[in-house]
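Please read the structure below before turning to the comments.
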Amino acid sequence: MKRSLILLYWLLLLVPTLWVGALTLDLLQHEEERVALAEHQAARGRVGSLADNLAAAVQDVEDGLILALTDLGPRPDISTLVQLERTHPLVRNVFLVDPSGAVRLPDNDTPLTREEQGFLDRYQALLSGRTAWDRSPQEDQFAVEANRFREAAQVDRKINARANLKLLAQYGQAADIQMEAVAGGGIQASDWIPWFWEDGLYLLGWVRTADGTVYGAEMETASLLASLIPYLRPPEIPGESLALLDGSGHVFHQAGAFEVDPDAEVYATAPVGTFLPHWRVNLYRNGAATWGKRTAVLSSLLVALLVVAVLCGGSLLLWQAHRNLRDAREKTSFVANVSHELKTPLTTIRMYADLLSEDRVRDEGRRRDYLRVITDESRRLTRLVNNVLDFGRLEQHRKQYHREVVEVGAVVRDTLETQRMRLEQEDFELVMHLPDQEVPAVTDRDALEQSLLNLVDNAVKYAEDGRRIEINLQGEADAVRVTVRDFGPGIPRAQRELIFRKFHRIDSSLTSRTQGSGLGLTIARQLMRDLGGDLTCRPADGGGTRFDITLPVPASHEGNAS
Amino acid sequence: MRTIHLLTAAALTALVTASAPAKEVTCRVELDRSVLPAGRPQTTVVKVTLDAPPPPRETERPPVNLAIVLDRSGSMTGRKIEKAKDAAIEALRRLGPQDRFSLVIYNHQVETLIASQSTSRTEWIESRIREIRADGNTALFGGVSQAAAEIRRQLDGNFVHRIILLSDGLANVGPSSPADLARLGASLLKEQISVTTVGVGADFNEDLMTQLAQNSDGNTYFVESSNDLPHIFAAELGDVLSVVARKVILEIECPEGLRPLRIIGRDGRIRGRRVELNLNQLYGGQEKYTLIEIEVPAGRVDETREIASAHCRYEDALTQKAVSCSGNVSARFSPDEQEVLASNNKEVQGELVRNRIALAKDKAIRLMDEGKKQQAVQELKQEFEELRIYNADNRLPDVMQEEARELAENAEQLDQDGLSKVHRKTLRNESYQMRNQQRIKQ
């Protein structure tokens, strides 16, 4: 029942841990997705605001130039227009078309410079009247502005705040300008035309006066674009680069951590708007920017590690609990067994001692027998107590050995002699195979004796029908071997190592009939191992079990085989 | 006799104008010949020269606002970038505490390495320059734009603004055509910012570099070996430091009946009878001139007519005061061919020949670009022949003939070898430096 409780506890640990672990991983994944989404939104926002800044800059320039041009009206002087072109860095060319449609500036009557000729070629369609100046049907400035605002809003899908504000601010002004136009001689309309010519973008600003004169200036695009470059600062986030692409998709300018590959995947993009048609700002990311993903992987790993640690720790604790439980059980049975084993000889001693003291035994021979029994039982008791004491000392590593070179044959003979009488009484045949020559070994004599006695005790206790014990002594080059062999039922393979465990007794009908502490073999092996040898258990050929004691040879004798 | 009087009068006038206060620019107007054949319409060439006084002493010069733009694209690795860094440091060392210095480096991206500042922390600036490493592509337009932004930090004040651009390769990030850079140059000129271009090696686009320099009235150099870079920068700094006149505008007007036909070798505007040229700036001791071809109607015998008058307005670089100077020239008509011949101004005619040589080189390059090799060779040979006749007719000294021979030699080379990258750069540069009277030629 206790075991199943432990299993239950383990399940109680396993299931919630796994469940919580799975939940956490799921949460982490969601968090990663959320963070990635947030980053993407933020990036789109940044790119959008940069595009807006660029658009605003261009708009400011355009508005400024239109203002400068309108100031020259309503009757613009050709020489002041020329002066404007000569001195204003953002003016590339100026022009004037009189109400009849004739181009007065650039002046065709004088030799044209290459630049002037180029200008006329570019705007041929416009200056000849093939293309209308106005981009919208309405002609008043107010409506033109409103249309720009509407167009911008349609492209950007959000309210162009600046255009909105501008409209508001101009509300009164537009009315004034219209009044001026009514009064005669005022400015009728003005606008900026993005003009495409041979793959290039040109910007032409024009003003129309009340009498129908159209004049204006072509913007120096190179200068305008050059002034946009400082807006494109490298992104602060590592692993990001941004680029401004012109209308044909070529990179105009780039800034950031790495060189932009125009074919690479675009992380976020925003169009600049109507002020630079088809121009856009692109943001790119390289691997370095995916630290968010790395964090997710790392945290998942940590969670997994935590789960594993919890399970391992829990398992270890439960395993320890299980072992403690088992040890407790063994100790309890040990105590019961030892008590019983102590009790039995004590009872016998008391019984015989009582008989002798009450002077009830007349026969001398019987009296000697009784005394002998008392002595034997006392010895057995002593051995048992010694075992327990030894065990205690061994457990606390306080056992002291007296190592010396002993003649093993002599020790074996002497030890077994003390048991001969008992063995005969129990109907055991004892056979000893001892070599003639001396077999020296380095060991503690008492320990060897005790181990031999433990083995013999076991052979007697568990022999059942096999009433024969064989002792064998062999001296080899590197070790001395003493074998104690019985002809009992034998020890199952599974138990051959378990029997050396403290308090362990094979659970069988045989052991339940006999008393035992479960310590004998434990002690014997520990003693032999402490002294540089070992005690092993093997099945014997022809039935039964054999126990082999190995002892170390003295150093000077190594190499001499017997 | 009259010729001598005229010449003496001209000489005296010249002396008078020369002995004017030493610090002022003077305006000289000359004709290719002071006596014109009477009775028929013809064309004549007027040379208007602006003489700038000798360079001011170190302590008196106006402060300089210098921005250097260094190409650090991958092609600059090794010796080139090291020499470029030496050159930049060389330039830095020639500036004084009242000057401003900034450095922009570019590959496919543009970075301001040294923001515009006074040159008091030279060690720190030098160490930053030494750290420059080369790799990547070439965003030339971006580099120049950023340098202009650095210059604009100190646009107010009496500084002489100069950008020195160094490149060894083709621009391939951002606007990269000569036309784009030409427009940028023109716009910068209006802000009184000049860009001097230094091309290293054989792979840069010389048209781009010369047009950028020309439109912004800067100098241009073609440096085959990067070893020459420090020397070029130092010489350029010498030039920049000696600006005496800024915002130089030259107007030449012809009286009624005469008409300016074309400006030889320079860009300018002809409006009716007036020619307007922007000469931007003059260095100390420099002689900047322009040649105008003018149509003259038939003149009566012994009539003296004014051919052209020139008026020059400029700003004194040191005092920022507006100053002007003017000059004019007249010619007499004579039926005597000998008299006409004797009145030849060989100096003016020599300059005309040189300019025609320069223009012929440009034309040859254009024709070679269009693949018309035979036509290019033919044009050069023809121009050489015409100049030979011109030289002979006007009895010009032999040295002019030898200079014209260049055309024949170039024609031979084109015919045999075609137009190599180096040859094209050399031609382009020679023409530019001639037509712009660049002081430091190579």
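Scan region A:105-164 for residues that are modelled with pLDDT of 70 or more, in a helix (DSSP H, G or I) and more than 14 Å from chain B (Cβ to nearest Cβ) and the total you get is 5. Scanning region A:11-34 for residues that are touching a residue at least 60 places away in the same chain (Cβ under 8 Å), farther than 21 Å from A:SER315 by Cα and either surrounded by fewer than 11 Cβ atoms within 10 Å (Cβ to Cβ) or in contact with a Gly (Cβ under 8 Å, 6 or more places away or on another chain) (or both) returns a single hit, A:GLU32.
Looking only at residues in region B:137-161 that are over 30 Å from B:THR319 (Cα atoms) and touching a strand residue (DSSP E or B) at 6+ places or on another chain (Cβ under 9 Å), the one that is surrounded by the most Cβ atoms within 10 Å (Cβ to Cβ) is B:LEU140. Restricting attention to region A:392-417, the residues that are of a type in the set (Gly, Ala, Ser) and either within 28 Å of A:LEU434 (Cβ to Cβ) or part of a strand (DSSP E or B) (or both) add up to 2. With the structure loaded, tell me whether A:VAL47 is open to solvent by less than 40 Å² (accessible area, probe 1.4 Å) and over 57 Å from the mean Cα position of the chain (by Cα) or whether it fails that test. Answer is no for this residue. Of all residues in region A:400-431, those being under 24 Å from A:ARG525 (Cα atoms) and open to solvent by less than 50 Å² (accessible area, probe 1.4 Å) number 13. Restricting region A:81-104 to residues that are within 14 Å of another protein chain (Cβ to nearest Cβ) and either assigned to a helix (DSSP H, G or I) or modelled with pLDDT under 85 (or both), which is nearest to A:ILE187 (Cα to Cα)? Ranking the candidates gives A:LEU81 first. Screening region A:66-80 for residues that are of a type in the set (S, T, N, Q) and open to solvent by 40 Å² or more (accessible area, probe 1.4 Å) and picking the one that is nearest to the other protein chains (Cβ to nearest Cβ) gives A:SER79. Scanning region A:260-270 for residues that are open to solvent by 20 Å² or more (accessible area, probe 1.4 Å) and within 12 Å of B:VAL173 (Cα to Cα) yields a total of 2.
Could you pull out the residue among A:VAL388, A:VAL361, A:VAL373 that is touching a Lys or Arg at 6+ places or on another chain (Cβ under 6 Å), surrounded by 13 or more Cβ atoms within 10 Å (Cβ to Cβ) and either at positive phi or not charged (D, E, K, R) (or both)? Step through it out loud before you land on a result.
Values: A:VAL388 fails: touching a Lys or Arg at 6+ places or on another chain (Cβ under 6 Å); A:VAL373 fails: touching a Lys or Arg at 6+ places or on another chain (Cβ under 6 Å).
A:VAL361 is the lone residue from the list that is touching a Lys or Arg at 6+ places or on another chain (Cβ under 6 Å), surrounded by 13 or more Cβ atoms within 10 Å (Cβ to Cβ) and either at positive phi or not charged (D, E, K, R) (or both).
Here B:ASN137 fits the description: farther than 27 Å from B:GLU60 by Cβ and in contact (Cβ under 8 Å) with a residue 60 or more places away in the chain.
The residue of region B:183-209 that is farthest from the other protein chains (Cβ to nearest Cβ), among those that are open to solvent by less than 10 Å² (accessible area, probe 1.4 Å) and under 24 Å from A:LEU201 (Cα atoms), is B:MET209.
Conditions (1) open to solvent by 10 Å² or more (accessible area, probe 1.4 Å); (2) closer than 20 Å to B:PHE222 by Cβ, marked per residue:
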residue	(1), (2)
B:GLU339	yes, no
B:ASP369	yes, yes
B:GLU379	yes, no
B:GLU383	yes, no
B:ASP398	yes, no
B:ALA404	no, no
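For region B:221-236, the set of residues classified as over 16 Å from the mean Cα position of the chain (by Cα) and either within 20 Å of B:THR319 (Cα to Cα) or of a type in the set (A, V, I, L, M, F, W, C) (or both) consists of B:VAL223, B:LEU229, B:ILE232, B:PHE233, B:ALA234, listed by residue number. Applying the criterion of being farther than 17 Å from A:THR522 by Cβ and among the β-branched types (Val, Ile, Thr) to the residues of region A:432-463, the residue that is surrounded by the most Cβ atoms within 10 Å (Cβ to Cβ) is A:THR443. Of all residue pairs spaced 6 or more apart or on separate chains, those with beta-carbon atoms under 7 Å, a first member in region A:243-259 that is in contact (Cβ under 8 Å) with a residue 40 or more places away in the chain and open to solvent by 40 Å² or more (accessible area, probe 1.4 Å) and a second member that is of a type outside the set (Phe, Trp, Tyr) and assigned to a strand (DSSP E or B) are A:GLY247/A:LEU201.
Selection over region A:485-524 of residues that are without any contact (Cβ under 8 Å) to a residue 40 or more places away in the chain and open to solvent by less than 60 Å² (accessible area, probe 1.4 Å) gives a count of 6. Scanning region A:223-233 for residues that are more than 10 Å from every other protein chain (Cβ to nearest Cβ), within 25 Å of B:ALA147 (Cα to Cα) and within 43 Å of the chain's Cα centre (by Cα) turns up at least one hit. Checking the structure you have, find out if any residue of region A:211-234 is open to solvent by 20 Å² or more (accessible area, probe 1.4 Å), out of contact with any Gly (no Cβ under 8 Å at 6 or more places or on another chain), farther than 19 Å from A:ASP199 by Cβ and of a type in the set (Val, Ile, Thr). No, region A:211-234 contains no residue that is open to solvent by 20 Å² or more (accessible area, probe 1.4 Å), out of contact with any Gly (no Cβ under 8 Å at 6 or more places or on another chain), farther than 19 Å from A:ASP199 by Cβ and of a type in the set (Val, Ile, Thr). On inspection, A:GLY273 does not qualify as open to solvent by 20 Å² or more (accessible area, probe 1.4 Å) and more than 14 Å from every other protein chain (Cβ to nearest Cβ). Screening B:ASN215 against (1) open to solvent by less than 10 Å² (accessible area, probe 1.4 Å); (2) within 14 Å of chain A (Cβ to nearest Cβ) leaves a single unmet condition, (1). A:LEU301 meets all of the listed conditions (1) open to solvent by 20 Å² or more (accessible area, probe 1.4 Å); (2) away from chain B (no Cβ under 14 Å); (3) touching a strand residue (DSSP E or B) at 6+ places or on another chain (Cβ under 8 Å) but one, namely (3). Of the strands (runs of 3 or more DSSP E) entirely within region B:249-321, those holding at least 2 residues that are within 11 Å of another protein chain (Cβ to nearest Cβ) and open to solvent by 50 Å² or more (accessible area, probe 1.4 Å) occupy B:259-264, B:274-283. Within region B:105-118, the residues that satisfy the criterion of being open to solvent by less than 10 Å² (accessible area, probe 1.4 Å) and either aromatic (Phe, Trp, Tyr) or away from chain A (no Cβ under 14 Å) (or both) are B:TYR106, B:ILE114. Taken over region A:234-270, the residue count meeting the criterion of being within 11 Å of chain B (Cβ to nearest Cβ) and part of a loop (DSSP other than H, G, I, E, B) is 9. Scanning region A:531-548 for residues that are open to solvent by 50 Å² or more (accessible area, probe 1.4 Å), at pLDDT below 90 and not in a strand (DSSP E or B) yields a count of 2. Taking the criterion of being of a type in the set (D, E, K, R), in contact (Cβ under 8 Å) with a residue 60 or more places away in the chain and more than 12 Å from A:LEU519 (Cα to Cα), the only residue of region A:328-350 that qualifies is A:GLU341.
The values are calculated or read from the model by the stated rules, or taken from the named source; none is laboratory data. Source: prediction; values computed, not measured. Don't worry about glycine lacking a Cβ; one is built from the backbone with ideal geometry, like all the others, and counts go over all protein chains shown. Keep in mind that these areas ignore ligands, DNA and RNA; they rest on the heavy atoms of the full protein, side chains included. Shrake-Rupley method; radii C 1.70, N 1.55, O 1.52, S 1.80 Å.
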